[in-house]
Structures are given as structure tokens and as C-alpha cells.
Amino acid sequence: MISDQDIKQLRRYTPDSDSCILSLYLNVDQSNAANLNRGFETSFESLCRQVLDNQHSDQAGRQRFEAESRLIRQFLRDYVPKGKTLVVFSDSKQKFWWQRDLQVGLPPGLRWSQKPWVRPLLELVEGHDRIAVVLIDKQRARIFAGDNGEIDKQLEIMSDVPNRHSTTGTDHIMSQGQMERDHDNHVQSHAKRTADELSSLIERLKLEKVVIGGPVEATSVFIGSLPKRIQQMVIGTISAPVDAGIDRVMNEVRNVQDKAEQEDETKIVDAMITAAMKGDKAVLGLSDTLFAIQEGRVYRLVVARDYRAEGKECGSCHVLIADGLDNCSFCGGKLAAAPDLINRASHRVLDMGGKIQLVAGEAAAKLSSARIGALLRF
């Protein structure tokens with residue numbers, strides 16, 4: 001799993017003036033036929049050739065890249081895949097190495113730049129909140145916790161709940177009302193016990209969203225047993241029964257998450273556009289957004305997921321600029337090419353304690369003319 005702490009660790013990487021870091025995302029999924037017989041090593045070579053074909057630096061820069069790629073190549077020779085995506089950040093000059101095996105698939109890619117290429121990880125973190133999944137019926141409950149497309153069972157709860165109806169005998173008929181009340185009380189107790197366990201798990205694991213599954217009657221009682229703050233964390237329900245397999249649970253949860261995420265993204269974009277039109281703590285467009293970042297005003301950067309942009313960075317004050325100037329309009333310093341402009345802008349916002357919101361679908365369509373914007377602190 002990737003956490004905010006992982007992103008913070010990567011942001012702490014500080015290059016020398018003449019050093020670069022190699023950022024690698026490699027598909028190593030062994031269910032993919034192309035990766036059998038270590039086909040991912042061939043994929044790495046192809047990514048390296050693409051970087052070299054697009055490399056416009058001097059000969060020394062190419063040599064540094066080739067030296068760094070040799071280290072990755074040596075690592076891959078003995079590497080045993082443990083997930084679907086291998087992520088590596090490497091700068092041997094700084095003795096910096098960061099590696100993760102992810103259980104989710106990410107598009108393959110390789111970058112050679114002064115900053116770690118963290119945008120795919122940001123998309124992964126932003127796209128999936130830390131979530132609790134509760135499957136419950138009248139006697140049994142299973143609680144899962146998940147993050148970034150992965151989910152693990154945390155605990156299982158069994159409760160002894162008596163039948164609601166009697167079947168034979170006049171004595172049973174005479175006590176039917178009492179049996180129903182006893183049954184309902186036990187169901188309520190089971191729901192309350194599960195709610196208490198969920199509350200504890202949310203607090204311990206810092207979970208952010210809740211999805212609930214099971215028969216309607218049981219889930220209704222359970223939701224009613226939750227504290228108000230946790231009721232507000234419920235983003236949807238699924239049809240999976242308590243004994244459902246993990247694959248079915250994950251598929252249904254993913255659909256709920258995608259729908260909730262799209263709704264949240266649309267609300268954020270609508271609010272940002274409205275505020276920007278009023279000149280009220282929001283901006284739209286690349287130039288205005290970069291200017292707001294330079295002033296330290298951005299608390300949430302909003303970017304269409306497929307947006308890519310090139311620009312320049314000042315070698316003196318490090319301002320990011322989207323236009324074609326040769327010298328910095330802030331300090332007059334010399335500008336250098338910044339082909340990964342959005343990645344660098346994202347780093348700046350994170351460094352000032354802000355957030356990155358990547359949007360797709362309807363939200364990205366509403367942002368289509370600007371492609372990028374920001375909600376401001378002041």
C-alpha cells in the first residue's frame with residue numbers, strides 16, 4: 001500500500017545541482033503473458049531506449065542516465081515479482097533508493113529528471129481513500145480494511161440470535177410477541193457490537209470511508225447503530241452477502257468508490273469554477289495557477305488526470321513559468337526547460353502543505369477549457 005508518508009519521504013529527496021533521479025513504474029504482473037519468462041526486463045530496456053531517444057542533455061547527462069539504468073538492470077536480474085507493479089526511484093549519486101511492490105496495476109513509464117516522478121502515485125493515493133467494508137446479516141459480520149485497491153479482512157463477529165417465530169406448540173404461540181422482541185433485541189445487540197468494533201478499527205487505522213453490504217433489514221439496523229460521524233462516512237452499499245468471496249467484494253466496492261469519487265470531484269470543480277468566476281480564492285488556467293503557487297497561496301491544486309504541460313523553471317528563484325520567456329520575470333534569472341511542469345508544480349503544493357486533486361470523467365470535462373486550477377488560502 002502507498003500512504004501519504006511514502007509521498008512525503010519521496011518529497012524529502014533533494015538533488016544536487018547536476019544530479020537527476022530515475023523514476024520507474026514497471027508492469028511485473030505474472031498473470032500477464034508478456035511478463036512470463038521475465039518479459040518485464042525487456043520492457044525496461046524499451047523504456048530506457050525511449051528516454052535516450054528523447055534525451056537532449058549533454059554527453060555527461062546521457063552517461064549518468066546509462067550508469068543509473070545499469071543499476072536498475074542489475075537489480076532486475078535477481079528480482080522476484082511480488083505484485084502487479086514495481087516502483088523504483090534511484091539516484092546513486094545521492095545514495096537514494098526507494099522501492100515498492102504494488103498490488104495494483106499502474107501504466108509503465110520511466111523518467112529521468114531532477115524531481116521524483118510521483119504523479120502516478122498521487123493518482124493512486126487520491127483515487128482510493130482508506131476504506132472500511134462491513135458485511136453484516138442478523139448473526140454474522142465481517143469487517144475489512146482497504147487502501148489503494150487492496151483489502152484485507154480484519155475481524156469476524158458471530159452472535160447467538162434466537163429465531164423470531166415459533167413453529168409448533170401452543171406455548172410457543174402464546175409467547176410469540178416475546179420471541180419477536182427477544183429476536184429484535186439480539187439483532188440490535190449484534191449490530192451495536194459490530195458498530196463498536198468498526199469505530200475502534202476506524203480510529204486505529206485512520207480509515208476515511210465506509211461501505212456496507214448484506215440484507216437490507218440487517219444493514220438498516222446496523223446503520224442506525226452507528227455514531228453520526230461514522231454514518232456520514234458511509235459512501236454506499238453493496239449487494240454482496242456476508243460470505244461473499246474477496247473478488248466479488250472488491251469489484252462491488254470499487255464501483256461504489258468510483259461513483260463517490262466522481263461525485264466528489266465534480267463538486268470540487270464546480271465550487272472552484274464558481275469561486276474563480278467571482279474572484280473569490282480560486283484561479284483557473286496554468287499561468288494563474290503557477291503564479292498562485294509562487295505566492296504560496298494554493299491549498300488544493302486541481303488537475304485533469306491526463307493533463308501534461310511543458311514550461312520553464314528559474315535557476316535562481318525556482319519559479320515555474322508556462323510562457324516562452326528567456327529570463328525570469330520575478331528575479332531576472334536564467335530559465336531552464338521544465339518538461340515535467342505539472343509534476344514540479346505538484347511538488348511545490350505538497351511542500352507548502354497543500355493537497356493535489358486529480359479529476360477525470362465529468363469533472364475533467366467541466367475543467368476542459370482550463371485543464372488546471374486551484375483553491376486558494378487567501
Exercise. All but one of (1) at pLDDT 90 or above; (2) under 20 Å from Leu122 (Cα atoms); (3) among the charged types (D, E, K, R) hold for Asp258; which doesn't?
Worked result: (1)
Exercise. Taking the stated definitions as given, is Arg164 in a loop (DSSP other than H, G, I, E, B) and at pLDDT below 95?
Worked result: yes
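Quick check: is even one residue across region 289-305 part of a strand (DSSP E or B) and in contact with an Asp or Glu (Cβ under 9 Å, 6 or more places away or on another chain)? Working first, answer last.
Filtering region 289-305 for residues part of a strand (DSSP E or B) gives 298-304.
Still in the list and also in contact with an Asp or Glu (Cβ under 9 Å, 6 or more places away or on another chain): 302.
Yes, there is a match, as at least one residue in region 289-305 is part of a strand (DSSP E or B) and in contact with an Asp or Glu (Cβ under 9 Å, 6 or more places away or on another chain).
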For this session: Give region 201-240 a look and list any residue that's of a type outside the set (A, V, I, L, M), surrounded by 15 or more Cβ atoms within 10 Å (Cβ to Cβ) and not in a helix (DSSP H, G or I), or say none.
Result: Lys209, Gly213, Gly214, Gly236, Thr237
For this session: Name, by its number, the condition in (1) modelled with pLDDT under 75; (2) of a type outside the set (Val, Ile, Thr); (3) within 30 Å of Pro339 (Cα to Cα) that does not hold for Leu124.
Result: (1)
Problem set entry | Number of the condition not met by Lys82 [criteria: (1) in contact with a strand residue (DSSP E or B) (Cβ under 6 Å, 6 or more places away or on another chain); (2) closer than 19 Å to Asn343 by Cβ; (3) charged (D, E, K, R)] | (2)
For this session: Being more than 27 Å from the chain's Cα centre (by Cα) and hydrophobic (A, V, I, L, M, F, W, C) is the filter; apply it to region 277-315 and report the residue that is surrounded by the fewest Cβ atoms within 10 Å (Cβ to Cβ).
Result: Met277
Seminar exercise, completed: Pairing a residue in region 283-311 that is over 22 Å from Ala365 (Cβ atoms) and in contact (Cβ under 8 Å) with a residue 12 or more places away in the chain with any residue that is among the small types (Gly, Ala, Ser) and assigned to a helix (DSSP H, G or I), where Cβ atoms lie under 7 Å and the two sit 6 or more apart in sequence or on different chains, gives Leu290/Ala345; Ile293/Ala345; Val298/Ala292
Seminar exercise, completed: Residue hits (region 325-356; in contact with an Asp or Glu (Cβ under 9 Å, 6 or more places away or on another chain) and assigned to a strand (DSSP E or B)) are Lys334, Leu335, Ala336, Ala337, Ala338, Lys355, Ile356
For this session: Confirm whether His318 is on the phi > 0 side of the Ramachandran plot, under 33 Å from the mean Cα position of the chain (by Cα), of a type outside the set (D, E, K, R) and not in a strand (DSSP E or B).
Result: yes
Exercise. Of the residues Ala60, Ala132, Ala67, which is hydrophobic (A, V, I, L, M, F, W, C), surrounded by 17 or more Cβ atoms within 10 Å (Cβ to Cβ) and not in a loop (DSSP other than H, G, I, E, B)?
Worked result: Ala132
Exercise. Take the residues of region 82-108 that are surrounded by fewer than 17 Cβ atoms within 10 Å (Cβ to Cβ) and part of a loop (DSSP other than H, G, I, E, B): which is nearest to the chain's Cα centre (by Cα)?
Worked result: Val104
Exercise. For the subset of region 9-24 comprising residues that are within 17 Å of Val349 (Cβ to Cβ) and in contact with a Leu (Cβ under 8 Å, 6 or more places away or on another chain), which member is modelled with the lowest pLDDT?
Worked result: Arg11
Problem set entry | Selection within region 255-264 - charged (D, E, K, R) and buried (at least 16 other Cβ atoms within 10 Å of the Cβ) | Glu261
Seminar exercise, completed: Glu295: passes all of (1) at pLDDT 95 or above; (2) farther than 24 Å from Val133 by Cβ but (1)
Exercise. Which ones in region 244-276 are without any contact (Cβ under 8 Å) to a residue 24 or more places away in the chain and in a loop (DSSP other than H, G, I, E, B)?
Worked result: Gly245
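The values are calculated or read from the model by the stated rules, or taken from the named source; none is laboratory data. Given the structure is predicted, the values throughout are model-derived calculations rather than measurements. Ideal geometry is used to build each Cβ from the backbone, glycine not excepted, and the neighbour counts take in all protein chains shown.
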